[in-house]
Amino acid sequence: MTAGASGMDLFAAVTETAVIKPGEWSLIPTGLSCAVPEGLELQIRPRSGLAVKYGIGVLNYPGTIDSDYRGEIKVILVNHGRKEFTIDRGDRIAQMVVVPVVRAAIEESTELPSTERNSGGFGHTG
């Protein structure tokens with residue numbers, strides 16, 4: 001909606017009002033399909049305004065649209081809020097960002113190089 005925004009707004013293309021109850025989720029159509037160039041992906045991300053006002057997020061955040069997908073882009077919205085959330089045709093429901101894809105060369109190994117952290121996990125630094 002602004003020149004500096006990195007995300008493109010996605011709008012609901014529902015044929016009738018959709019209602020998502022607290023703790024539930026729904027697949028919302030956008031009416032869009034596209035050809036993403038190889039080496040890129042589209043990431044579907046929540047809208048911060050919906051998150052802070054209503055507790056609405058994207059269930060599989062970030063959603064990924066691969067370069068070989070040609071179907072309609074749909075968004076899985078989840079209601080983490082306390083009230084029912086209604087979606088009407090034309091409502092802004094998510095945002096979409098174009099992101100480069102890096103292909104990693106994966107090699108099997110029985111040993112890994114040592115680091116200061118090594119296998120220290122959740123909360124190991126205090």
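With respect to Tyr54, is the statement that it is aromatic (Phe, Trp, Tyr) and at pLDDT 95 or above true?
So Tyr54 fits the description; yes.
So how many residues does the range 1-30 have that are within 18 Å of Ile87 (Cα to Cα) and under 16 Å from the mean Cα position of the chain (by Cα)?
10
Could you list, in sequence order, the residues of the range 1-27 that are more than 15 Å from Pro46 (Cβ to Cβ), among the charged types (D, E, K, R) and surrounded by 12 or more Cβ atoms within 10 Å (Cβ to Cβ)?
Lys21, Glu24
Which pairs have Cβ atoms under 6 Å, sit 6 or more apart or on different chains, and link a residue in the range 19-32 that is touching a residue at least 40 places away in the same chain (Cβ under 8 Å) to one that is assigned to a strand (DSSP E or B) and surrounded by fewer than 16 Cβ atoms within 10 Å (Cβ to Cβ)?
Val19/Thr86
Check the range 31-43 and report whether any residue there is closer than 17 Å to Phe85 by Cβ, modelled with pLDDT of 95 or more and not in a strand (DSSP E or B).
Checked the range 31-43: no residue is closer than 17 Å to Phe85 by Cβ, modelled with pLDDT of 95 or more and not in a strand (DSSP E or B).
Can you tell me which residue within the range 61-94, out of those that are under 15 Å from the mean Cα position of the chain (by Cα) and basic (Lys, Arg), is farthest from Leu32 (Cα to Cα)?
Arg92
Which numbered condition trips up Arg103, out of (1) modelled with pLDDT under 95; (2) surrounded by 12 or more Cβ atoms within 10 Å (Cβ to Cβ)?
All conditions pass for Arg103, except number (2).
Taking into account only those residues within the range 41-79 that are of a type in the set (D, E, K, R) and out of contact with any Asp or Glu (no Cβ under 9 Å at 6 or more places or on another chain), which is farthest from Gly23 (Cα to Cα)?
Only one residue tops the list, namely Arg70.
Looking at Ser48, Ser33, which is the one that is of a type in the set (Gly, Ala, Ser), touching a Phe, Trp or Tyr at 6+ places or on another chain (Cβ under 9 Å) and within 25 Å of Pro100 (Cα to Cα)?
From the options Ser48, Ser33, the qualifying one is Ser33.
The values are calculated or read from the model by the stated rules, or taken from the named source; none is laboratory data. Note that this is a predicted model, so its numbers are computed, not measured. Don't worry about glycine lacking a Cβ; one is built from the backbone with ideal geometry, like all the others, and counts go over all protein chains shown.
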